[in-house]
Amino acid sequence: MNIISVAAHQDDIELHCLGTLIKYSQRKDVTLTNVVISNGDKGAQYDPKTPYAEVAAIRNREAGAVAEALGGHYINMGQSDEYIRDTDEARNQLTDILREARADLVFAPAPVDYNTDHMVASQLAFHACLLASVRTIFTAHEALSEHPVLYYMDALTGLEWQPTHYVDITEVFERKCELLRLHKSQMLNMQTSGGWDLVKYSRIVGAFRGLQCGVEYAEAFKPCLAWPRVRAGNILP
């Protein structure tokens, strides 16, 4: 199974579905690809004087290190952080990424979230999951024979988002925290902008979602209920 996780920023995937990806990575029949749409260049509120290019380079190295630790791949689409746009070019770019990876399952941000970059990233993934199998849309790689399944990740702090599916990540939670710390810049950045770091956030939200479903730590999802992005059966680990 080929799993593509799509997000707006370099730590979004890690916050919301890293535990799930760790569980998938333990299987021999899975390939993982993490796709981030923005270059991440605005993510240095802890030191606003840092040049944008330097911030982008740091954040992409960090995201790449997490993907490598999972045995997966990292792709950055290079849009301007905080100004992500749903354009024809972006749709085709993401569509081709899904085609090249032969995507079976796509994780994407919730359609409703605190940051419009997240919502536009969600919309791009929604469109790309359809276009990936449309044979009259031409990109560098051949159209998929079947549309990927699309699941939405949790919204930040869970506000205005009610999940329907949960993955028990209790046994891999400490590994999730270990990999989150590879985002050294964002551990600092979120302390400045949110008053918490990535590990503290994951302990709180993971425990809350775990409480909802009767385990210690969980990650929460909701399937995209739009044809043809739905498939029978349980595809989550």
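What follows draws every value from the coordinates through simple rules; no lab data is involved. The structure presented is a predicted model; accordingly, all values stated were derived computationally and were not measured. Virtual Cβ from ideal backbone geometry, glycine too; neighbours counted across all protein chains shown.
Within the chain, what's the longest run with no chymotrypsin sites (Phe, Trp or Tyr not before Pro) in a DSSP loop and at most 14 other beta-carbon atoms within 10 Å? Give the range, please.
Details: sites that count: Tyr83, Tyr114, Phe138.
Looking at the chain, 139-237 is the longest stretch - no exposed chymotrypsin sites (Phe, Trp or Tyr not before Pro) with at most 14 other Cβ atoms within 10 Å.
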(request) Mind checking which lysines have their Cα closer than 23 Å to the Cα of Lys222? Skip sequence neighbours fewer than 8 apart in that chain. (result) Lys23, Lys176
(message) Quick check for you: which residues of segment 106-132 have the amide N under 17 Å from the point 7 Å beyond the Cα of Met1 toward its beta carbon?
(response) 106-108
(request) In debye, nearest 20, what is the charge dipole magnitude of the chain about its Cα centre with +1 on Lys and Arg Cβ and -1 on Asp and Glu Cβ, if you could check? (result) 340
(message) Give me a comma-separated list of calculated 3J(HN,Hα) values for segment 107-119, in order, Karplus coefficients 6.51, -1.76, 1.60 applied at θ = phi - 60°, integers in Hz, x for any Gly or Pro.
(response) 9, 9, x, 4, x, 10, 7, 6, 10, 5, 4, 5, 5
(request) Using Cα positions and a limit of under 14 Å, work out the aspartates and glutamates in reach of Lys42, with same-chain residues fewer than 8 apart set aside. (result) Asp11, Glu54, Asp81, Glu82, Asp117
(request) Could you tell me the largest-minus-smallest coordinate of the C-alpha atoms of segment 2-223 on each of the three principal axes, in descending order and whole angstroms? (result) 47, 45, 33
(request) Show the residues, 5+ positions off or on another chain, whose built amide H is closer than 5 Å to the amide H of Ala143. (result) none
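Can you list the trypsin sites (Lys or Arg not before Pro) in segment 61-142 that are in a DSSP coil and have 15 or fewer other beta carbons within 10 angstrom? Could you put the intermediate results ahead of the total?
Details: sites: Arg61, Arg85, Arg91, Arg99, Arg102, Arg135; in loops: Arg85, Arg102, Arg135.
Loop-located and lightly packed - Arg85, Arg135.
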(request) Give the cross-link partners of Lys49 among the lysines, using a straight C-alpha distance below 30 Å as the criterion and excluding same-chain residues fewer than 8 apart. (result) Lys184, Lys200
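Of all the stretches in the chain, which is the longest one without any exposed loop site, taking GluC sites (Glu not before Pro) in a DSSP loop (any state but H, G, I, E, B) with at most 13 other Cβ atoms within 10 Å? Intermediate values should be presented prior to the final figure.
On the way: sites that count: Glu142, Glu146, Glu160, Glu216.
Excluding the exposed sites themselves, the longest stretch runs over 1-141.
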(request) Treat each spin label as a single point 7 Å out from the Cα along the C-beta direction, and report the Ile235 to Thr116 distance in nm. (result) 3.0
